[in-house]
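Notes for the one structure printed next.
The values are calculated or read from the model by the stated rules, or taken from the named source; none is laboratory data. In this text, all values refer to a predicted model and were calculated from it rather than measured experimentally. Cβ atoms come from the backbone with ideal geometry, glycine included; neighbour counts cover every protein chain shown.
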2 protein chains.
Amino acid sequence: MTKLELFEQVKQKQSFLCVGLDTDKKKIPRHLLEMEDPIYEFNKAIVDATVPYCVAFKPNLAFYESEGTAGWMSLEKSIAYIRQRYPEQFIIADAKRGDIGNTSEMYARTFFETLKADAVTVAPYMGEDSVKPFLNQPGRWVVLLALTSNKGSLDFQLTANASGERLFEKVLRVSQKWASNEQMMYVVGATQGKRFEEVRKIAPNHFLLVPGVGAQGGSLEEVCRYGMNQECGLLVNSSRAIIYADQGEGFAHAAAEEAAKLQKEMQAMLHKYL
Amino acid sequence: MTKLELFEQVKQKQSFLCVGLDTDKKKIPRHLLEMEDPIYEFNKAIVDATVPYCVAFKPNLAFYESEGTAGWMSLEKSIAYIRQRYPEQFIIADAKRGDIGNTSEMYARTFFETLKADAVTVAPYMGEDSVKPFLNQPGRWVVLLALTSNKGSLDFQLTANASGERLFEKVLRVSQKWASNEQMMYVVGATQGKRFEEVRKIAPNHFLLVPGVGAQGGSLEEVCRYGMNQECGLLVNSSRAIIYADQGEGFAHAAAEEAAKLQKEMQAMLHKYL
């Protein structure tokens with residue numbers, strides 16, 4: 001998917017919501033556990049219910065891998081379902097991978113060829129040759145970790161070098177030599193508030209994937225005030241607050257309501273800041 | 001496995017070799033492709049052939065994930081085979097994971113409970129709460145990326161902060177607050193040569209996992225001269241040079257010969273530097 005196509009989706013749906021499919025067997029409604037593939041059934045219901053209100057889905061690989069082979073099967077089926085039924089949705093494999101060149105190539109094969117995702121999250125620590133193999137196909141995206149939403153983001157990401165440039169700023173600057181904003185996005189946590197201004201100084205035109213609204217406590221208003229650009233430039237993710245809004249029979253309906261609420265807020269933000 | 005038990009293995013086998021199971025269906029001998037699970041059959045043969053000469057096995061997840069569900073099945077079976085048949089071998093899941101706390105917890109579950117590995121490689125970019133969930137079980141290890149073997153290690157890992165401390169040094173220093181050297185190892189690439197001296201100033205007693213001997217061109221002699229400590233403190237990995245030593249029917253025998261050759265060199269190094 002191109003950046004323009006993604007922006008078109010945002011305008012059409014008046015939403016820049018990404019629904020995180022962090023599907024944990026221990027948290028899904030009991031009645032689904034009787035079915036053959038509970039994780040897939042849960043995802044299908046969540047996808048059908050929330051798709052009018054979001055432009056992207058983001059399964060986090062950790063949740064599937066923890067179920068071993070069965071989890072991988074659920075993941076493959078879930079992505080195939082979205083791909084086939086809602087081809088206009090942007091799919092992000094949240095995997096935070098990154099390895100030496102020949103190994104990253106294998107990961108790229110996994111996420112783009114086997115799973116057919118549009119984008120994959122990648123960790124920058126190992127540098128250029130660990131990221132480049134993910135950039136071989138136009139329309140397929142790398143979402144590079146820049147400034148994450150968690151407390152641990154303070155440990156290394158904010159370390160300044162001798163000329164005052166912090167690690168996340170160096171990641172934003174240097175990685176722009178590897179790909180244009182037609183193939184590269186950055187993860188910037190919603191909990192980072194005003195730091196979005198600093199991110200936008202270096203990456204004014206990139207889409208940013210923003211986790212941390214909801215369970216982690218980030219503010220949508222702040223993210224938009226400091227982070228929105230003329231093509232929106234934001235994909236704001238919510239996982240737990242949507243998919244576990246209700247853990248009983250009405251889970252899908254409750255998820256839709258949560259997603260719709262966020263979509264309304266996002267519509268207001270688009271009117272205010274776009 | 002404790003550090004002492006690992007060192008005992010090293011002394012007994014006179015080897016600190018880790019064999020990397022980077023098993024790629026495109027590179028394994030043709031005749032195996034007729035079998036039901038070629039990747040598993042290949043691994044089994046390689047493990048049986050090389051186990052006298054090594055103390056650890058390291059499957060790299062990328063190679064298994066690229067085969068989707070079938071690949072995960074091969075991985076699970078391969079690890080279970082080693083676990084059962086050679087319980088004294090150290091098994092490292094080379095996954096380079098790391099995510100926010102609740103997600104890293106899921107990954108820890110995958111690698112330690114589902115797969116039953118002894119150790120998992122983790123990327124430090126997201127800081128403390130992304131690493132800690134892997135440290136909940138005594139005898140289970142985190143192998144944290146510090147100074148990697150690839151060209152991209154120059155991009156961020158060597159960036160010095162205002163007081164001259166480079167990122168890899170900060171990672172080595174700060175992460176020692178998260179766990180002792182009974183649960184933490186570091187990845188330091190064999191291609192880093194003299195920099196092992198700098199690593200040892202900060203982490204004198206840790207085991208280091210050292211990729212990059214063989215296909216990537218690192219020197220075993222240099223690694224040992226600058227990196228070996230009084231408990232050996234090194235696990236030197238070789239993947240491609242061993243497992244693809246011969247791509248015909250005699251692949252396992254050729255792999256054993258390569259591993260034996262390295263074991264001999266390692267024995268000499270142990271005599272020289274231990």
| Count of the range B:96-118 residues which are under 13 Å from residue A:65 (Cα atoms), at the interface with chain A (Cβ under 8 Å from one of its Cβ atoms) and touching a strand residue (DSSP E or B) at 6+ places or on another chain (Cβ under 9 Å) | 7
| query | Out of all the residues in the range B:202-218, is one or more out of contact with any strand residue (DSSP E or B) (no Cβ under 7 Å at 6 or more places or on another chain), buried (at least 17 other Cβ atoms within 10 Å of the Cβ), in contact (Cβ under 8 Å) with a residue 60 or more places away in the chain and of a type outside the set (Phe, Trp, Tyr)? | reply | yes
| request: Tell me which residues, restricted to the range A:124-136, are touching a helix residue (DSSP H, G or I) at 6+ places or on another chain (Cβ under 8 Å) and not charged (D, E, K, R). | output: A:124, A:125, A:126, A:127, A:130, A:131, A:133, A:134, A:136
| Residue in the range A:155-168 that is hydroxyl-bearing (Ser, Thr, Tyr) and over 18 Å from residue A:131 (Cβ atoms) present | yes
| field | Hits in the range B:121-140 - residues which are surrounded by 24 or more Cβ atoms within 10 Å (Cβ to Cβ), free of Cβ contacts under 8 Å to residues at least 60 places away in the same chain, under 22 Å from residue B:18 (Cα atoms) and more than 7 Å from every other protein chain (Cβ to nearest Cβ) | value | B:122, B:134
| request: State the number of residues belonging to the range A:36-77 that are within 21 Å of residue A:266 (Cα to Cα) and polar (S, T, N, Q). | output: 1
| remark: Taking the range B:12-38 and keeping residues within 15 Å of residue B:80 (Cβ to Cβ) and within 19 Å of the chain's Cα centre (by Cα) leaves B:21
| Residues satisfying the stated conditions in the range A:110-144, i.e. part of a helix (DSSP H, G or I) and small (Gly, Ala, Ser) | A:130
| query | residue A:252 versus (1) in a loop (DSSP other than H, G, I, E, B); (2) modelled with pLDDT of 95 or more: which is the lone unmet condition? | reply | (1)
| task | Hey, can you tell me all the residues within the range A:41-95 that are part of a helix (DSSP H, G or I), over 20 Å from residue B:70 (Cβ atoms), of a type in the set (A, V, I, L, M) and out of contact with any Ser or Thr (no Cβ under 9 Å at 6 or more places or on another chain)? | result | A:45, A:49, A:51, A:82
| residue B:72 fails exactly one of the following numbered conditions: (1) closer than 29 Å to residue A:80 by Cα; (2) touching a Pro at 6+ places or on another chain (Cβ under 9 Å). What is the number of that condition? | (2)
| the range B:235-245: number of residues that are touching a residue at least 24 places away in the same chain (Cβ under 8 Å), not in a helix (DSSP H, G or I) and not hydroxyl-bearing (Ser, Thr, Tyr) | 3
| request: For the range A:145-185, name all the residues that are surrounded by fewer than 17 Cβ atoms within 10 Å (Cβ to Cβ), facing chain B (nearest Cβ under 7 Å) and part of a helix (DSSP H, G or I). | output: A:154, A:174
| said: When the residues of the range A:29-71 are narrowed to those that are within 14 Å of another protein chain (Cβ to nearest Cβ) and touching a residue at least 60 places away in the same chain (Cβ under 8 Å), which ends up farthest from residue A:116 (Cα to Cα)? | reply: A:60
| Going by the conditions given, is residue B:26 of a type outside the set (S, T, N, Q), in contact (Cβ under 8 Å) with a residue 24 or more places away in the chain, closer than 30 Å to residue A:71 by Cβ and not in a helix (DSSP H, G or I)? | no
| said: Just the residues that are in contact (Cβ under 8 Å) with a residue 12 or more places away in the chain, surrounded by 15 or more Cβ atoms within 10 Å (Cβ to Cβ) and over 19 Å from the mean Cα position of the chain (by Cα), please, taken from the range B:247-266. | reply: B:251, B:252, B:257
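Listed here are the residues, each with its yes/no results for (1) among the hydroxyl-bearing types (Ser, Thr, Tyr); (2) buried (at least 22 other Cβ atoms within 10 Å of the Cβ); (3) modelled with pLDDT of 95 or more; (4) on the phi > 0 side of the Ramachandran plot.
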{"residue": "A:28", "(1), (2), (3), (4)": "no, no, yes, no"}
{"residue": "A:42", "(1), (2), (3), (4)": "no, yes, yes, no"}
{"residue": "A:50", "(1), (2), (3), (4)": "yes, yes, yes, no"}
{"residue": "A:69", "(1), (2), (3), (4)": "yes, no, no, no"}
{"residue": "A:80", "(1), (2), (3), (4)": "no, no, yes, no"}
{"residue": "A:85", "(1), (2), (3), (4)": "no, no, yes, no"}
{"residue": "A:107", "(1), (2), (3), (4)": "yes, yes, yes, no"}
| task | Considering every residue within the range A:261-273, establish whether at least one is of a type outside the set (Val, Ile, Thr), assigned to a helix (DSSP H, G or I) and over 21 Å from residue A:221 (Cβ atoms). | result | no
| So which residues in the range A:237-246 are of a type outside the set (A, V, I, L, M), surrounded by fewer than 19 Cβ atoms within 10 Å (Cβ to Cβ) and within 21 Å of residue A:94 (Cβ to Cβ)? | A:240
| message | Can you report the number of residues in the range A:12-23 which are of a type outside the set (A, V, I, L, M), away from chain B (no Cβ under 12 Å) and in contact (Cβ under 8 Å) with a residue 60 or more places away in the chain? | response | 5
| query | If you scan the range A:30-39, which residues turn out to be of a type outside the set (Asp, Glu) and surrounded by fewer than 22 Cβ atoms within 10 Å (Cβ to Cβ)? | reply | A:30, A:31, A:32, A:33, A:35, A:38
